[in-house]
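Every read-out reported here was derived from the displayed coordinates using simple, explicitly stated rules and does not represent laboratory data. Since we're looking at a predicted model, the values are computed, not measured. Please note: Cβ atoms are built from the backbone with ideal geometry, for glycine as well, and neighbour counts cover all protein chains shown.
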Amino acid sequence: SIALGFLTPLFRKTFLDVSLNSSAQDIVSLMRYGRERAIAENTVFRFNLNTENGSYWLTSKEPDKPEGDIFTRLTGNLGRLNNIAEGLKIEAEMNTIDFYPDGEAESFRIKLTNPNNKGLIITSKPGSGSNIAVMGENEKE
């Protein structure tokens, strides 16, 4: 009974860390998919992020639409609305990130934080071949 009292906070901390890592990897996977599709289909793909409710999704630029940038959500499983794990907080400088047919992307920085204040940074810089990286918030970018 006493041992159980010690294990409960440890399990909670471990679960929160796993949720943080899993959500970061899910975001990165969808971004990498968007980058690959942009190259393969020779069109701009956009990663969309709602920091208010933690949702994110992919859209693609409508071809042959000279009247402006019109993006539509992908169909199928990869076009669905995704959400970060419950209890996490997400911050970003921009709510959209474009992936271009040449493999490049806009520079971005997304921070995920769990209730224990452990954070992960998802980032990419132009000219890096759109290398999308996940790092601890204390690591050097």
*Note down the nm distance, to one decimal, between modelled labels 7 Å out along Cα→Cβ at Thr14 and at Val134.*
1.9 nm
_Under Karplus coefficients 6.51, -1.76 and 1.60, residue-wise ³J(HN,Hα) of segment 54-62 in Hz, glycine/proline x_ = x, 9, 8, 6, 10, 9, 10, 6, 5
*Output ³J(HN,Hα) for segment 109-117: one whole-Hz value per residue in order, computed from phi by the Karplus curve 6.51 cos²θ - 1.76 cosθ + 1.60 with θ = phi - 60°, and x for Gly and Pro.*
8, 10, 10, 10, 9, 9, x, 8, 6
*Scan around Glu62 for amide H atoms under 5 Å from its own, H built in the peptide plane at 1.01 Å from N, and keep only partners 5 or more places away or cross-chain.*
Ile70, Phe71, Thr72
